[in-house]
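Throughout, read-outs are computed from the coordinates displayed, never taken from laboratory work. Values in this document were obtained by computation on a predicted structure and should not be read as measured data. Please note: Cβ atoms are built from the backbone with ideal geometry, for glycine as well, and neighbour counts cover all protein chains shown.
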Amino acid sequence: MKRVEKRIPLATPTMHGNEMAFIKEAFDKNWIAPLGFNCDGLEAEISQYLLQNEEGECHTLALSAGTAALHLAMKLAGVKRNDIVLCTSMTFSATVNPVSYEGGVQVFIDSERDTWNMCPKALEKAFEKYPSAKVVVLAHLYGTPAKMDEILEVCKKHNAILIEDAAESLSATYKGKQTGTFGKYGVISFNGNKIITTSGGGMLITSNKADRDKAFKWSTQSREPAPWYQHEEIGYNYRMSNVVAGIGRGQLVYLDDHKAKKAKIYKRYKDGLKDLPITMNPYLEESDPNFWLSCMLIDNGVNVDTIDVMKKLNDLNIETRPIWKPMHMQPVFKGYHFISVEDKPVCEDIFARGLCLPSDIKMTEEEQDFVIEAIKSCF
Ligand SMILES: *Cc1c(COP(=O)(O)O)cnc(C)c1O
């Protein structure tokens, strides 16, 4: 096969032009600072999007990054020095680093095979081993909702707070309900490669207005209402800028369009690769993923190495990426505990046999067919 001239990327931002109107308004009003009407607008519009036809309340806080939102969620959940937090192992490091910011200790939980997310049985086993654990942080990997009924049941049984890292899964639903709204706290990310972007940014989600207000105060240097700068707590500079919030408002209009295009890419891979000894990243029938990244898993016992596939595709100018390397395998978390109900950890196995495929919504059918042919040539 001959290398394509234009690189086929994993996922890049897709702008539509209407974002500029919101940015222009910020410039016209000279409102370039953090906070402002675009931040307020983005918060209100995301709240409305997440709630859709559901009953209840949804409060949001626009922040400088999804990681900042995760940090404030840890603080709201009351994580303190030496507290154990039960965490998804196979995820991006940003899911679990904020535990350390507060001095907590991660215990990592294995994945299950049906969604690649936190295994409810392993979570139950972890609570039996660490009955003092009061906080769980779970990620919906690659936009695929986790087994929420089972996870929520285990959390409820042990009276634990669930933090849902929906950084990759904005617009994905489980039994019709949006990811990010199941836990006491939810987090989304608008980083450059996510399904919609503000270039960089994130959001905290909670049904509790008082918690939202508390996080707002922390995110603005913990200023007390006084005529002078008065501080009773340590604060952070975590607010989103009014300029980038405008990008998000323009993007949000296209969220469902992006989701439909991502789903189409996934289905084309599934169909195009069906004769190979591989499967696509799985999901539950009762869920509707956003298909942020399409991933393939090479069948057990097939003598094809994912890193070789990655190298070969890279030579053809196609970008792929390994599955998130589990956190319990990372040098920075050496010696931290890991809980699995299997002899051979599921997440280690998925990491060894899985690969993220180009999932950019600007990818043409011809380009995707080229990727499919390139993968076929590796087998
Ligand atoms: C991107 C991502 C984050 C972090 O979001 P930022 O906005 O980049 O800080 C957290 N968790 C997961 C699973 C992510 O993919």
Options S340, P277, N290, ranked by Cα towards positive dipole end of region 255-377, top entry (Cβ charges): S340
Sequence-distant residues sharing a close amide H with S287 (under 5 Å, placed H): K175
Equivalent ellipsoid, region 33-116 (semi-axes from 5 times Cα gyration tensor eigenvalues, Å): 28, 18, 12
When each of K75/K209; K29/K214; K121/K177; K157/K209; K2/K325 is checked by Cα-Cα distance, pairs over 20 Å: K29/K214; K121/K177; K157/K209; K2/K325
Highest average packing first - 231-243, 189-201, Cβ atoms within 10 Å: 189-201, 231-243
Rel. contact order, % - alpha carbon contacts under 8 angstrom, at least six apart, region 46-171: 22
Residues T144, T14, sorted so that the one with the fewest Cβ neighbours within 10 Å comes first: T14, T144
Size of electric dipole in region 255-377: Cβ of Lys, Arg +1 and of Asp, Glu -1, about Cα centre, debye, nearest 20: 280
Relative contact order %, region 19-252, counting alpha carbon pairs below 8 Å whose residues are six or more apart: 28
Dipole magnitude of the chain about its Cα centre (Cβ charges: Lys, Arg +1; Asp, Glu -1), debye to nearest 20: 620
Charge tally in the Cβ shell below 12 Å around E233, where Lys, Arg are +1 and Asp, Glu are -1, E233 excluded: +2
Residues with amide H under 5 Å from that of A139, placed H, sequence gap 5 or more: T88, M118, D165
Rounded to 5, percent antiparallel among DSSP beta bridges of the chain: 55
Loop-located chymotrypsin sites (Phe, Trp or Tyr not before Pro) in region 101-180, at most 16 other Cβ atoms within 10 Å (DSSP): none
Net +/- balance of residues flanking G176 in space, Cβ distance below 15 Å, scoring K and R +1, D and E -1: -4
Rg/Rh ratio calculated on Cα atoms of region 212-326 (Kirkwood radius): 1.19
For region 221-379, with +1 on Lys and Arg beta carbons and -1 on Asp and Glu, the positive-most of L255, F379, Q330 along the dipole: L255
Once the Cα gyration tensor of the chain is diagonalised, semi-axes √(5λ) in Å: 34, 28, 17
